[in-house]
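As structure tokens, the structure follows; a few thoughts come after it.
The values are calculated or read from the model by the stated rules, or taken from the named source; none is laboratory data. Predicted, not measured: the structure shown is a model, and the values here were computed from it. Note: ideal-geometry Cβ built from the backbone for every residue, glycine included; neighbour counts use all protein chains shown.
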Amino acid sequence: MSSSNYFTTREAAELLGVSVPTAQQWVERGALKSWKTDGGHRRILRDSVMEVLESQRQKAELAQAPYVMPVLIVEDDIHLIQLYKVHMASWPFGTTPYVAPNGYEGLVLVGEVRPRLLICDLRLPGVNGFNVVRGLCEIERFKHMGIVVISGLPVPEIDAHGGLPGRVEVMGKPVDFARLQQIAVKLWESGPD
């Protein structure tokens, strides 16, 4: 095998910005692919070092990137969804909006994207918003997720359905987008949960 296909442990350590013992530990753990020469010296595959370098570069890039807040909208009204997206685009920080047209898909997406903010209607096809919100409020890993219910139902009717957990912000329709932005800003300022 040509020397252009591998590095010595010292060369790999220098390229990766770590000590020789650290590079040796990475080899032992399998993070770097290598073999030993007949003389007992390690040779580390060039491609393996390049993969670790690329991974380090990507992590550094992510650490420098501004936080973009994931927001899940559980809503079946396509016009309202578009309004949410338009308003979010004008917020003073980045958001990634995800949309679920019903409660079931909302529950699936919440587990996949771990939104910082959930905006949920109460009247939804399938699993209704009451069940979505109540269920999520009982799960420990979602305790820092902001939850805003936006509904045309009057408060007495919401109460007649058993009400909502105290940490849920309830807003009527038409949507108060300025208030929604205030809630989102507070969540964004506190960073990812």
Requested in this report: Can you run down the residue pairs with Cβ atoms below 8 Å, 6 or more apart or on separate chains, where the first is in the range 80-95 and in contact (Cβ under 8 Å) with a residue 60 or more places away in the chain and the partner is exposed (fewer than 14 other Cβ atoms within 10 Å of the Cβ) and of a type in the set (Val, Ile, Thr)?
Outcome: Phe93/Val68; Thr95/Val68
Report task. Evaluate the range 159-179: report whether one residue or more is of a type outside the set (A, V, I, L, M, F, W, C), under 19 Å from the mean Cα position of the chain (by Cα), part of a helix (DSSP H, G or I) and over 28 Å from Pro66 (Cβ atoms). Result -> no
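Rundown of residues vs (1) among the small types (Gly, Ala, Ser); (2) surrounded by fewer than 17 Cβ atoms within 10 Å (Cβ to Cβ); (3) touching a Phe, Trp or Tyr at 6+ places or on another chain (Cβ under 8 Å); (4) assigned by TED's automatic domain parsing to the domain that holds Gly94, yes/no style:
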residue: Val110; (1), (2), (3), (4): no, no, yes, yes
residue: Pro125; (1), (2), (3), (4): no, yes, no, yes
residue: Leu136; (1), (2), (3), (4): no, no, yes, yes
residue: Val149; (1), (2), (3), (4): no, no, no, yes
residue: Leu153; (1), (2), (3), (4): no, no, no, yes
residue: Arg167; (1), (2), (3), (4): no, yes, no, yes
residue: Val170; (1), (2), (3), (4): no, yes, no, yes
residue: Pro174; (1), (2), (3), (4): no, yes, no, yes
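Among the strands (runs of 3 or more DSSP E) contained in the range 1-116, which hold 1 or more residues that are touching a strand residue (DSSP E or B) at 6+ places or on another chain (Cβ under 9 Å) and at pLDDT below 90?
Per the criteria, 34-36, 42-45.
Restricting attention to the range 43-59, does a residue exist that is touching an Asp or Glu at 6+ places or on another chain (Cβ under 7 Å) and either in the same structural domain as Ala12 (by TED's automatic domain parsing) or under 25 Å from Arg179 (Cα atoms) (or both)?
no
Taking Ile158 as the residue in question, decide whether it is closer than 28 Å to Glu189 by Cβ, surrounded by 12 or more Cβ atoms within 10 Å (Cβ to Cβ) and of a type in the set (Val, Ile, Thr).
Answer is no for this residue.
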Query raised in the report: Could you say whether any residue in the range 53-67 is without any contact (Cβ under 8 Å) to a residue 12 or more places away in the chain and surrounded by 12 or more Cβ atoms within 10 Å (Cβ to Cβ)?
Result: no
